[in-house]
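Trainee: I'd like to ask some things about the structure below.
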Amino acid sequence: MSSTPIASKIIPKASRVKIDPAQIEYTSDKQKNAVQALIDEFTISPELLKDIKNNFMEGMQKGLKKDGETLAMITSYVMGRLDGSEVGSYLALDVGGTNLRVVSVHLTGGGEISTRQTKYRIDEKLKVGDAKALFDFMAVCVDNFLDEHQIVVRGDTQIELGFTFSFPVLQTSINRGTLISWTKGFNAAGMVGKDPVAYLQDAFNRRHIPVRVAALVNDTVGTLLAHAYHHPDTVMGVILGTGCNGAYIEQISNIEKWKGDAAAKEMVINMEFGAFDKERAILPLTMFDNKMDRKSVNPNKQILEKMIAGMYLGEITRNVLLNLIDRRLLFEGHISPDLNQMWTFETAYMSTIEADASPTLHATRKILESTLSFPATSLNDRQIVKLVVELVGKRAARLSAAAVAGILEHTGAWKQKSAIGIDGSLFEYYPSFDTDIMDGLEEVFGAAVRKNISIGLAQDGSGVGAALCALLAAKHSNGVV
Ligand code: ADP
Ligand code: MG
C-alpha cells in the first residue's frame, strides 16, 4: 500500500473586490432581470439572518434534550479548560477532509508548540471502498511518518495519539464512539454503527505499530482546544473547510440528556451543525442547491453544510452558471466541456475571482479561458460570473454568522470578552469571509459586539487540538476532570 506525501501551499488572504450590479452593461433586459432574480434569491436579509439564528437556537435546545435530533449536540467527554501551561509529546491523525494528515506535536508550556506534519492524499476509491482497507491505509501513513521523522519508540512504550475523525460520531467515552453517518464524500462500507477507534487500533496492532489511540476527537473540538491553548477565553471552535461544524463550551446542567458524571461543570459539545434544517423549514434553498444536493453522496442530509462549506460552493456556482448559459444569457450560450463536468468549478477559483481587482477582470478571464477552456469571454460575461460568485460566497458567510450568533446568544458569551477559533481553508483563504461574519454578528447584537468578540484563525485545530485532547485524556483516564 503506498502513501505519498503531498506538499502544502500557502495562498495569501485577500479582500473581496465588490462588483456593483448597476455598473454592469447588460446585453439585454432579460439578462438584467435574470441577474436581479439571482440577487433576490441569494441575499440573506438581516431579518432572515435573525430568523435563522432563532431557529438554530431552538435546534440547539432540542439536541441538548435528547439524542437523534437534527442538531446532534454530541457530548465530547472533553471537560475542563486549558491554560497553555500543558507539556508533552503526542501524535495526531487527522482524517475527515480532503487530505489525511499525521502530525507530531510537542507542547513546551507557556502556550508554546512545535509541530511536524505530513499530508497524504486519500484515494477516492478508498473513501467509498472497504472500511478495513481505509483504516489500514491510515496506519500505514502513521508508520511511514514515524520512519520519515525518525521517531523511535523504546521498549514496551507506546505513543499516545489523538485521532481527529471528523464525522458525526456518538461518543461513549474519550476514546470510544460509534459512527452515526459518513459525510463529505466518504462512504466506506459497513462502518456506520461501528467504533472507528477500534478499527484504527486494530490496524496499528496488526502491523505492530507502537501507537495507542488515546482520544477520539472531532476537528471542531480540537479547534476549540488549540485556540484555547493560546487564548484561554475561547468559547467556540468552528470549522469552515471541506465541511462546516462548530463546538462550544456548555454548562453540564444545561445538557438534559447527559447521564454521566456531573462532577464537572462544563463540557465541550460537538454540535454537528452542518445538519441544521433537515426539515427545510427556514433555509432559503434555491433550485441550484437542490440540484447539487440530489447529485451528492448524501442527498437530503447536511443541508446547512451544503450551503456553506468549501466542498459545495463551487458546485452551486457552476449550477447557476449552467442555468444562465442554457438560457443564452451568458457566454452567448456557449458551454465548455470542462464546466459540463460536475465539481469542476473549484471553490478556490471563487477566492481568486472575488479578489480580482483589475478593470478587465483579468484573473477571472484566466480561470474561465485557461483553466475551464471557454472560448473568448466578454467583460459582461466575466462581470456576471464575478457577481454570481459573490452571491454564493457571501450567502455562505452570512449563514455561518447566523450559526455563530445562535451559539453566542445561547451561551450569553457575546456579552463578555470571548474568542472564537475558526479552522479551515474556506475561512483562511476566502476573501472577506471573516468580515462578513462579523457584519452579521453586528446585525444581531449591535456594534458593541465587535469589542467583545474576536474571531481568529485557529491554525491546526485538528492536529494540535487532537494532541491537547490526548493530553487531557491521559491526565484524566476516565475522561472526567
Ligand atoms: P479539511 O476540511 O479537509 O480539513 P481544508 O480546511 O483545507 O480541509 O478545506 C478544504 C476545502 O477548502 C475544500 O473544499 C476546498 O474547496 C476549499 N478551499 C481550498 N482552497 C481554497 C481557497 N483558496 N479558497 C476557498 N476555498 C478553498
Ligand atoms: Mg481540517
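Trainee: Please identify the pairs in which a residue from the stretch 447-463 that is at positive phi has its Cβ atom under 7 Å from the Cβ atom of a residue that is in a helix (DSSP H, G or I), counting only partners at least 6 apart or on another chain.
Mentor: Pairs found: D460/A226.
Trainee: Scan the stretch 314-367 residue by residue and report those that are of a type in the set (A, V, I, L, M, F, W, C) and at positive phi.
Mentor: The answer is F331, W343, L361.
Trainee: If you don't mind, another one. Just one of (1) at pLDDT 95 or above; (2) within 14 Å of ligand 1 (Cβ to nearest atom); (3) among the hydroxyl-bearing types (S, T, Y) trips up S418, so point out which.
Mentor: If we test S418 against (1) at pLDDT 95 or above; (2) within 14 Å of ligand 1 (Cβ to nearest atom); (3) among the hydroxyl-bearing types (S, T, Y), just (2) comes out false.
Residue by residue, here is whether (1) among the acidic types (D, E); (2) surrounded by fewer than 24 Cβ atoms within 10 Å (Cβ to Cβ); (3) in contact with a strand residue (DSSP E or B) (Cβ under 9 Å, 6 or more places away or on another chain) holds:
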| site | (1), (2), (3) |
| --- | --- |
| L240 | no, no, yes |
| A247 | no, no, yes |
| G260 | no, yes, yes |
| I269 | no, no, yes |
| G274 | no, no, yes |
| I282 | no, yes, no |
| S296 | no, yes, no |
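Trainee: Have a look at K278, K259 and point out the one that is among the charged types (D, E, K, R), free of Cβ contacts under 8 Å to residues at least 12 places away in the same chain and assigned to a loop (DSSP other than H, G, I, E, B).
Mentor: Values: K278 fails: free of Cβ contacts under 8 Å to residues at least 12 places away in the same chain.
Unique residue meeting the criteria: K259.
Trainee: Additional query: Yes or no: A401 within 23 Å of A355 (Cβ to Cβ), of a type outside the set (D, E, K, R) and away from ligand 1 (no atom under 16 Å from the Cβ)?
Mentor: Working: within 23 Å of A355 (Cβ to Cβ): yes; of a type outside the set (D, E, K, R): yes; away from ligand 1 (no atom under 16 Å from the Cβ): yes.
For A401, the condition - within 23 Å of A355 (Cβ to Cβ), of a type outside the set (D, E, K, R) and away from ligand 1 (no atom under 16 Å from the Cβ) - is met.
Trainee: Out of the stretch 216-245, which residues are within 12 Å of ligand 1 (Cβ to nearest atom) and in a strand (DSSP E or B)?
Mentor: Residues satisfying the conditions are V238, I239, L240, C244, N245.
Trainee: If A467 satisfies all but one of (1) within 16 Å of ligand 2 (Cβ to nearest atom); (2) part of a loop (DSSP other than H, G, I, E, B), what's the number of the condition it fails?
Mentor: (2)
Trainee: Just for the stretch 453-463: of the residues that are surrounded by fewer than 17 Cβ atoms within 10 Å (Cβ to Cβ) and more than 15 Å from ligand 1 (Cβ to nearest atom), which one is nearest to D51 (Cα to Cα)?
Mentor: Ranking the qualifying residues of the stretch 453-463, first place goes to S454.
Trainee: Something else about it: Pick from I174, I159: which is in contact with a His (Cβ under 9 Å, 6 or more places away or on another chain) and more than 16 Å from ligand 1 (Cβ to nearest atom)? Walk me through how you get there before you give the answer.
Mentor: On the way: I159 fails: in contact with a His (Cβ under 9 Å, 6 or more places away or on another chain).
Checking each option against the conditions leaves just I174.
Trainee: Continuing with the same structure: I'd like the full set of residues that are in contact (Cβ under 8 Å) with a residue 60 or more places away in the chain and charged (D, E, K, R), limited to the stretch 68-91.
Mentor: Listed by number, the residues that qualify are R81, D83, E86.
Trainee: In addition: Here are the criteria: (1) polar (S, T, N, Q); (2) assigned to a helix (DSSP H, G or I); (3) within 19 Å of the chain's Cα centre (by Cα). Tell me which single one N298 does not satisfy.
Mentor: The number of the failed condition is (2).
Trainee: If only one of K18, K30, K50, K65 is of a type in the set (D, E, K, R), surrounded by 15 or more Cβ atoms within 10 Å (Cβ to Cβ) and in contact (Cβ under 8 Å) with a residue 60 or more places away in the chain, which one is it? Give the derivation first.
Mentor: On the way: K18 fails: surrounded by 15 or more Cβ atoms within 10 Å (Cβ to Cβ); K30 fails: surrounded by 15 or more Cβ atoms within 10 Å (Cβ to Cβ); K65 fails: surrounded by 15 or more Cβ atoms within 10 Å (Cβ to Cβ).
None of the others qualify; the one that does is K50.
Trainee: Still on this structure: Any idea which residue in the stretch 353-383 is nearest to T27 (Cα to Cα), counting only those that are of a type in the set (V, I, T) and over 28 Å from the mean Cα position of the chain (by Cα)? Step through it out loud before you land on a result.
Mentor: Going residue by residue through the stretch 353-383, those that are of a type in the set (V, I, T) are 353, 360, 364, 367, 371, 377.
Right, trim to over 28 Å from the mean Cα position of the chain (by Cα) and you get 360, 377.
Numbers: T360: 17, T377: 13 Å.
Looking at residues that are of a type in the set (V, I, T) and over 28 Å from the mean Cα position of the chain (by Cα), I get T377.
Trainee: Kindly indicate the residue of the stretch 262-275 that is within 16 Å of ligand 1 (Cβ to nearest atom) and not in a loop (DSSP other than H, G, I, E, B) and also farthest from L426 (Cα to Cα) among those meeting that condition.
Mentor: Of everything passing the filter in the stretch 262-275, N270 is farthest from L426 (Cα to Cα).
Trainee: Going through the stretch 117-148 one residue at a time, which ones are touching a strand residue (DSSP E or B) at 6+ places or on another chain (Cβ under 8 Å), loosely packed, with under 14 Cβ neighbours inside 10 Å and farther than 30 Å from V297 by Cα?
Mentor: E148, the sole residue that qualifies.
Trainee: Working only within the stretch 329-349, note down all residues that are among the small types (G, A, S) and either assigned to a helix (DSSP H, G or I) or over 31 Å from the mean Cα position of the chain (by Cα) (or both). Even if it seems obvious, please write down each step before you answer.
Mentor: Going residue by residue through the stretch 329-349, those that are among the small types (G, A, S) are 333, 336, 348.
Answer for the stretch 329-349, where residues must be among the small types (G, A, S) and either assigned to a helix (DSSP H, G or I) or over 31 Å from the mean Cα position of the chain (by Cα) (or both): G333, A348.
The values are calculated or read from the model by the stated rules, or taken from the named source; none is laboratory data. Small disclaimer: the values here were computed from a predicted structure and weren't measured. Please note: Cβ atoms are built from the backbone with ideal geometry, for glycine as well, and neighbour counts cover all protein chains shown.
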